[in-house]
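K.L.:
If you scroll down you'll find the structure; I have some questions about it.
Every number in this text was worked out from the coordinates using simple rules, so none of it is lab data. As the structure is a prediction and not an experimental result, all values here were calculated from the model. Please note: Cβ atoms are built from the backbone with ideal geometry, for glycine as well, and neighbour counts cover all protein chains shown.
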Amino acid sequence: MNRNQRIRTSVLAGLGALSMVALSACSAADTKSSGSADEVTITVPSWVGARANAEVAKKLLEDEVGVKKVNLQQLDEPIAWDALNNGKADAILEDWDGQPKKQKLYIDEKKTVVKGGDLGVTGHIGWFVPKYYADKHPEILDYKNLNKFAKDFKSNRSGGKGEFIGAAPSYTTYDEFLIKNHKLNFKIKDTGNEAAQIKEIQRKYAAKEPFISYWWEPLWANADMDLVEVKFPEFKEGCNEPEAATKCGYADTPLQKYFNADFAKDGGDAAKFLKNFKWTTEEQNEVAMSIAKDKMSGEAAAEKWIKDNKATWEKWIPKK
């Protein structure tokens with residue numbers, strides 16, 4: 001089990017208010033005669049790509065599958081797993097493999113949570129620099145050469161070291177260990193939240209300034225920026241265990257769906273639809289960009305994508 005974890009608590013600024021409903025106490029086993037659950041609760045992490053999944057699923061469940069009400073509940077990863085376990089939530093649509101202990105407890109031991117299949121999107125985290133900088137200094141793309149270029153990333157906050165733009169403090173990362181274990185002359189700058197980090201990167205990119213940052217895919221902002229990854233030793237299973245010994249880069253993580261076991265068994269067409277729900281990074285980014293960049297509501301962004309992509313989503317609808 002890898003530990004490529006992203007625990008997010010900060011809400012992206014300007015995305016609009018996510019529907020914050022109380023977790024439904026009704027069981028996923030309460031179904032309509034048509035075989036589809038009356039009410040479905042989907043947990044939503046605070047990043048916009050995960051919201052894109054949920055908004056499209058909600059719209060199709062209500063309009064095409066016949067679910068009376070779909071609740072989108074914003075929850076951090078650990079709490080979302082607890083909600084799946086106790087039946088107060090039905091589905092996680094984007095999991096980054098960041099809760100191995102809860103996975104073992106709820107899936108393998110208690111059997112209250114089951115796998116829901118591949119989302120179709122592969123997540124990846126790493127250290128990235130802008131291509132305009134890498135083109136001038138191609139050696140930067142090997143971690144062994146980072147200290148040669150640390151001076152280019154200094155700021156008035158970094159104490160003479162290179163400034164590494166870090167993830168939100170609530171994320172679990174290995175960057176402090178990579179710096180320590182490879183003796184890198186860098187200091188991590190905490191960005192406060194994801195929105196602030198993206199805004200800072202966009203500003204530096206527009207000004208053609210050098211920067212090095214924790215970054216990831218999928219992310220809608222990548223459509224407007226060309227960033228390239230600094231290569232660390234290749235991730236291999238167990239290379240980040242214990243975390244403090246980490247010297248390897250981050251893993252590629254096929255993002256997964258998970259369901260409450262009762263919902264998976266008794267949720268009828270709603271459960272079948274969510275199991276069938278599978279799309280590409282490009283499709284997720286399209287909806288995410290509509291929300292984050294174009295300032296559309298989640299519902300409007302979902303409606304736009306659904307209107308233009310019937311050939312994709314009609315395959316998700318359970319056959320009668």
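K.L.:
Students often get this wrong, so check it: of Lys59/Lys293; Lys204/Lys236; Lys148/Lys208; Lys102/Lys295; Lys102/Lys275, which have C-alpha atoms separated by over 24 Å?
P.N.:
Beyond 24 Å: Lys204/Lys236; Lys102/Lys295.
K.L.:
Between segment 199-229 and segment 133-183, what is the C-alpha centre distance in whole Å?
P.N.:
So the two Cα centres are separated by 14 Å.
K.L.:
So if I place +1 on the C-beta of Lys and Arg and -1 on the C-beta of Asp and Glu, and nothing else carries charge, what would the dipole magnitude of the chain be about its Cα centre? I want it in debye, nearest 20.
P.N.:
Roughly 600 debye for the chain.
K.L.:
For n ≥ 4 DSSP H runs only, could you compute -39500 (n - 2.57) per run for the chain, divide by its residues and tell me the 222 nm figure to the nearest 500?
P.N.:
Estimated from H runs of four or more residues: -8500 deg cm²/dmol.
K.L.:
Which whole-number percent gives the relative contact order of the chain, counting Cα pairs below 8 Å spaced six or more residues apart?
P.N.:
The normalised contact order for the chain reaches 29 percent.
K.L.:
What FRET efficiency do you get for Ser155 and Asp63 if R0 is 35 Å and r is their Cβ-Cβ distance, rounded to the nearest 0.05?
P.N.:
E(calc), rounded to 0.05, equals 0.10.
K.L.:
Report which label in (1) 67, 42, 31; (2) 58, 41, 36; (3) 62, 44, 41 holds the value of Cα extents along the principal axes in Å derived from the coordinates of this structure.
P.N.:
(1)
K.L.:
Here is a follow-up. Which trypsin sites (Lys or Arg not before Pro) does segment 186-277 hold that lie in a coil by DSSP with at most 11 other beta carbons within 10 Å?
P.N.:
Lys208, Lys236
K.L.:
Pairs Lys199/Lys257; Lys136/Lys304; Lys88/Lys189; Lys69/Lys315: which are spaced more than 32 Å apart, C-alpha to C-alpha?
P.N.:
Going by Cα-Cα distance, Lys136/Lys304; Lys88/Lys189 fall outside the 32 Å limit.
K.L.:
Subtracting the Cα-Cα distance from 0.36 nm times the residue separation, let me have the gained length for Glu109 to Glu209 in nm, one decimal.
P.N.:
Difference between extended and current length: 30.9 nm.
K.L.:
Shape verdict for segment 239-320, please, from the Cα gyration tensor: rounded (a/c under 1.5), prolate (a/b greater than b/c) or oblate.
P.N.:
Note, shape of segment 239-320 comes out oblate.
K.L.:
Quick check: the angle from helix 298-308's long axis to the longest principal axis of the chain, C-alpha only, nearest 10 degrees?
P.N.:
Long axis of 298-308 versus the principal axis of the chain: about 80 degrees.
K.L.:
Determine the shape class of segment 123-252: with a ≥ b ≥ c the square roots of the Cα gyration tensor eigenvalues, call it rounded for a/c under 1.5, and otherwise prolate if a/b is greater than b/c, oblate otherwise.
P.N.:
Rounded shape, in that the Cα axes give a/c under 1.5.
K.L.:
While we're looking at this one, here's another question. Using a cut-off of 14 Å between alpha-carbon atoms, which aspartates and glutamates can reach Lys310, once sequence neighbours fewer than 8 places away in the same chain are excluded?
P.N.:
Asp63, Glu64, Glu283
K.L.:
Using a simple charge model, +1 on the beta-carbon of Lys and Arg, -1 on the beta-carbon of Asp and Glu, nothing else, what dipole does segment 130-204 show about its Cα centre, in debye to the nearest 20?
P.N.:
300 debye
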